[in-house]
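Peer 1: Let me give you the structure first, and then I'll get to my questions.
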Amino acid sequence: MKDKTLVLDDIDRKIIEELQSNGRESYKNIARKLGVSDGTVRLRTERMIKNDYLRITASVNPLYFENSLIALVGINLEGRANRDIMEKISLVSGVQSVINVSGRYDLLVEVFVPSRNAFRQCLVDDLSNIGGIKSTETFMFLDAIDKWAEHKK
C-alpha cells in the first residue's frame, strides 16, 4: 500500500546511491559501507519499494546494437490527455513510458524497439489503431550519454 507520507533521510538516500551504483549489491555490503545493520538496509529498501518510490531493475544500453532504435514521439491528441489513452499507449509494444506534458505536445512517448520494421509497426500500425491521435512528431536518438532502457518483449 502506498504511503504518500514517505520521508527519506540520509540513510535512505545513501542506500539508493549504493543500489544505483550496483543494484545487485548485497544488503550486508551496503550496511557495512553505511555503518548500519543489514536489517536496516533491507527494511528501508522494502519500504521504499512498497511505497512505489524505488524499483530495482536491469537496464540495457538502447544504442548498443546498431539496428535498435530509441525515440521520443511527441503526440497531439484530438481531445484532452487522460489516463485511459495513456494506458492504451503504454501497452503498445516498444513503448517505455508515456508522459503527460505541458507545451507543444499533449504526450511524449519513449519508444525502444529492436529494428526499423518494429518501429514502423509501433508508430504506423499500433499507435494509429488506438484512435484519438491527431498528429505525431518523432525524435530519433542518434547518440546519448547515460541513457538506459528496459528490455521489453
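The values are calculated or read from the model by the stated rules, or taken from the named source; none is laboratory data. Note that the structure is a prediction, hence the values are computed from the model and not measured. Ideal geometry is used to build each Cβ from the backbone, glycine not excepted, and the neighbour counts take in all protein chains shown.
Peer 1: In contact with a Leu (Cβ under 8 Å, 6 or more places away or on another chain), of a type outside the set (Val, Ile, Thr), surrounded by fewer than 17 Cβ atoms within 10 Å (Cβ to Cβ) and farther than 30 Å from GLN20 by Cβ, is that true of LYS147?
Peer 2: The answer is no for LYS147.
Peer 1: Still on this structure, please answer the following. Just to be sure I understand, how many residues within region 101-153 are part of a loop (DSSP other than H, G, I, E, B) and either without any contact (Cβ under 8 Å) to a residue 40 or more places away in the chain or of a type in the set (Lys, Arg) (or both)?
Peer 2: Final tally of qualifying residues: 13.
Peer 1: Could you please find all residues in region 76-99 being surrounded by 15 or more Cβ atoms within 10 Å (Cβ to Cβ) and either outside any loop (DSSP other than H, G, I, E, B) or over 14 Å from the mean Cα position of the chain (by Cα) (or both)?
Peer 2: LEU77, ALA81, ILE85, MET86, LYS88, ILE89, VAL92, VAL95, GLN96, SER97, VAL98
Results for (1) under 30 Å from GLY23 (Cβ atoms); (2) touching a strand residue (DSSP E or B) at 6+ places or on another chain (Cβ under 6 Å); (3) modelled with pLDDT of 95 or more, shown as yes or no for each residue.
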{"site": "LEU72", "(1), (2), (3)": "yes, yes, yes"}
{"site": "ILE85", "(1), (2), (3)": "no, no, yes"}
{"site": "LYS88", "(1), (2), (3)": "no, no, yes"}
{"site": "VAL92", "(1), (2), (3)": "yes, no, yes"}
{"site": "GLU137", "(1), (2), (3)": "no, yes, yes"}
